[in-house]
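Read the structure below first, then the notes.
The values are calculated or read from the model by the stated rules, or taken from the named source; none is laboratory data. This is a predicted model, so every value here is computed, not measured. Positions of Cβ are backbone-derived with ideal geometry, glycine not excepted, and every protein chain shown enters the neighbour counts. Just the protein is used for accessible areas: all its heavy atoms, side chains included, with ligands, DNA and RNA removed. Shrake-Rupley method; radii C 1.70, N 1.55, O 1.52, S 1.80 Å.
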Amino acid sequence: MSHNTVAENQRRHRLDDDEQRWLFGYGSLIYLVDFPYLESRPASIRGWSRRFWQGSHDHRGTELNPGRVVTLIEDPDAVCGGLAYLIEAPVFRQLDEREKNGYLRVATEMTFADGSQANGLTYIATPANEAYLGAASESDIARHICGAAGPSGPNDEYLLQLAEALRRLGQHDRHVFNIESHILKIKRQ
Ligand code: SIN
């Protein structure tokens, strides 16, 4: 699969321009909100874990030196916390461009803080995409992140801002916080 997913996403989910859909964000979509939305609410999805296993050639790295950004990995007992946005369908075209390096829109059910649920979409980069990097130890991921930067800025900024945003949401994500600790140690050296 080509790592530019724009055409594939627009083929997978044909949305009418007057529709509204919930979007579940779990990575930079939590803290870098450069798109219009009607409403935003803390939410979670079941059966997925957040992992820094996706390569970034276009935002936090380059073709020659990709950064590492988050994707979701199937994990039946896990619950992943993030932020949901109610958005108008045309905004997905803008999001498809932003998420084009391997992410596919996937339908998901999300649960809000009050226990109510809604169906919506989330962007997931599966192991089938060319930019996928896969598992590594959290200390190796931290070293990798400290050595990468791309058009959207340094890769460590992505991780540190995500960790801060998760803390503000009251979400304890051990994977993200462990990598954060390694990065802060590397930066102190
Ligand atoms: C997301 O934030 O939901 C997707 C991954 C990213 O753009 O960082």
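Numbers below:
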read-out	value
Qualifying residues in the range 18-60 (those that are touching a His at 6+ places or on another chain (Cβ under 8 Å) and either basic (Lys, Arg) or closer than 19 Å to ALA107 by Cβ (or both)) - the one nearest to the ligand (Cβ to nearest atom)	ARG50
Candidate set: the range 165-189, residues that are among the polar types (S, T, N, Q) and part of a loop (DSSP other than H, G, I, E, B); chosen: the one least open to solvent (accessible area, probe 1.4 Å)	GLN171
Pair list, Cβ < 6 Å and 6+ apart or interchain, from the range 89-116 residues that are within 18 Å of SER40 (Cβ to Cβ) to residues that are β-branched (Val, Ile, Thr) and within 13 Å of the ligand (Cβ to nearest atom)	THR108/ILE45; THR108/THR122; MET110/ILE45
First in the range 16-36 and in contact (Cβ under 8 Å) with a residue 12 or more places away in the chain, second anywhere and more than 10 Å from the ligand (Cβ to nearest atom) and among the acidic types (Asp, Glu), Cβ under 7 Å, 6 or more apart	GLN20/GLU88
Some residue of the range 143-155 being touching a strand residue (DSSP E or B) at 6+ places or on another chain (Cβ under 7 Å), modelled with pLDDT of 95 or more and part of a loop (DSSP other than H, G, I, E, B)	yes
Members of the range 85-108 found to be of a type outside the set (D, E, K, R), assigned to a helix (DSSP H, G or I) and more than 11 Å from the ligand (Cβ to nearest atom), listed by number	VAL91, PHE92, GLN94
Selection status of GLY82, open to solvent by less than 10 Å² (accessible area, probe 1.4 Å) and in a strand (DSSP E or B)	yes
Residue list for the range 159-187, restricted to those being in contact (Cβ under 8 Å) with a residue 40 or more places away in the chain and polar (S, T, N, Q)	GLN161, GLN171, ASN178
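Quick grid of which residues meet (1) touching a Pro at 6+ places or on another chain (Cβ under 6 Å); (2) modelled with pLDDT under 95; (3) assigned to a strand (DSSP E or B); (4) surrounded by 16 or more Cβ atoms within 10 Å (Cβ to Cβ):
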residue: MET110; (1), (2), (3), (4): no, no, yes, yes
residue: ALA118; (1), (2), (3), (4): no, no, yes, yes
residue: ALA136; (1), (2), (3), (4): no, no, no, no
residue: ASP140; (1), (2), (3), (4): no, no, no, no
residue: ALA163; (1), (2), (3), (4): no, no, no, yes
